[in-house]
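Quick note: the coordinates plus some simple rules give every number you see, no bench work behind them. Remember, it's a predicted structure, so these values are computed and weren't measured experimentally. So basically every Cβ, Gly included, is an ideal-geometry build from the backbone, and we count neighbours across all protein chains shown.
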Amino acid sequence: MRYFLPIWILITAVAVGVLGFRGSILRKPPLEFFNDMDRQMKLRPQAPHEFFRDNRASRLAVAGTVARSEPRHNVSAGAVVYSYEDHPVNTGRVTGTTNWVELNPTVIDAQSMARGRQRFEINCTPCHGPLGDGNGVTKKLGMAVVATLHDPRIVKMTDGELFHVISNGRNLMGPYAAQLDVEDRWAVISYLRALQLSRLGSLEDVPAQFRATLNK
């Protein structure tokens, strides 16, 4: 212990001599144990770089990139909606609130329904089955808990809440925002509502001119 104080003074003197005091101005560059990314192997914009065949550091946007200045498509009532806006199309909520929108805010037509069916069959059928009854291939492989989309609890959900669940996931279901863009998520919801009507709807829900066709 009698050598502790001299050793401590020696270490302190060496540290101050090498590193200096805080705020000291030195002509020599300081020692860097962690450079905190001050110097990076990065590409400068509009500068040449031999890594790419065309020797250009600046690259074109990847295929499928959506510009922030481009409005969303298939928005109902001719509204112009951008991807960064607090709008029901983007969030599933009433603007400026935490309340879900009741109905799908996009245009629902034959084209969007066909698109929704295609996306549903690719992304949703493996778990929920082609009819949405929870009898997909994952259940056959041992995933016992798969929700039926005809459950009254799910049927009573607003379209906005369904959009939120598809986007962010819930319970055992993971998020699908990376697999489905915003318009496709709403298209899937439109198709899901059609599936639910086919199972839970009554004859009175069918327009009169089509009832005779159903009876056949």
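Suppose R0 equals 35 Å. What FRET efficiency, 1/(1 + (r/R0)^6) with r the Cβ-Cβ distance, do residue 84 and residue 208 give to the nearest 0.05?
Details: r = 45 Å, r/R0 = 1.29.
Once rounded, the FRET efficiency stands at 0.20.
Angle of helix 110-123 to the longest C-alpha principal axis of the chain, folded into 0 to 90 degrees and rounded to 10: 60°. Each residue in 56, 2 was given a count of other beta-carbon atoms within 10 angstrom of its own, and listing them fewest first yields 2, 56.
For the stretch 1-141, just run the numbers: alpha carbon Rg, then divide by 2.2 N^0.38 Å, N being how many residues it has.
Numbers: Rg = 30.6 Å, N = 141, 2.2 N^0.38 = 14.4 Å.
This ratio for the stretch 1-141 stands at 2.12.
Each peptide in 186-193, 201-208 receives the mean, over its residues, of other Cβ atoms within 10 Å, and ordering these scores from highest gives 186-193, 201-208. Here's how it looks for residue 93: its modeled amide H is under 5 Å from those of 101, which are all 5 or more places away or on a different chain.
Rounded to the nearest 20, the size of the Cβ-charge dipole of the stretch 76-204 about its Cα centre is 480 debye, with Lys and Arg at +1 and Asp and Glu at -1.
When each of the peptides 38-51, 92-105 is scored by how many other beta carbons lie within 10 Å of its residues on average, the order from highest to lowest is 92-105, 38-51.
Relative to the longest principal axis of the Cα atoms of the chain, helix 159-168 runs at roughly 40 degrees. Once the mean of 1/r is taken over each pair of separate Cα atoms and inverted, the stretch 76-204 shows a Kirkwood hydrodynamic radius of 15.2 Å. With neighbour counts taken as other beta-carbon atoms within 10 Å, the residues 151, 109 rank, fewest first, as 109, 151. With R₀ set to 25 Å, the beta-carbon distance separating residue 18 from residue 39 gives a calculated FRET efficiency near 0.70. Using θ = phi - 60° in the Karplus curve 6.51 cos²θ - 1.76 cosθ + 1.60, the 3J(HN,Hα) couplings for the stretch 39-55 round to 10, 10, 8, 10, 9, 8, x, 6, 10, x, 7, 7, 5, 9, 5, 8, 6 Hz; x is entered for Gly and Pro. Compared with the dominant Cα axis of the chain, that is its longest principal axis, helix 4-19 is turned about 70°.
How do 53, 185, 199 line up, fewest other C-beta atoms within 10 Å first? Kindly include the intermediate steps, with their values, before the conclusion.
On the way: 53 6, 185 24, 199 13.
Fewest-to-most Cβ neighbours within 10 Å comes out as 53, 199, 185.
3J(HN,Hα) along the stretch 69-74, derived from phi through the Karplus expression 6.51 cos²θ - 1.76 cosθ + 1.60 where θ = phi - 60°, amounts to 7, 9, x, 6, 9, 6 Hz, with x in place of Gly and Pro.
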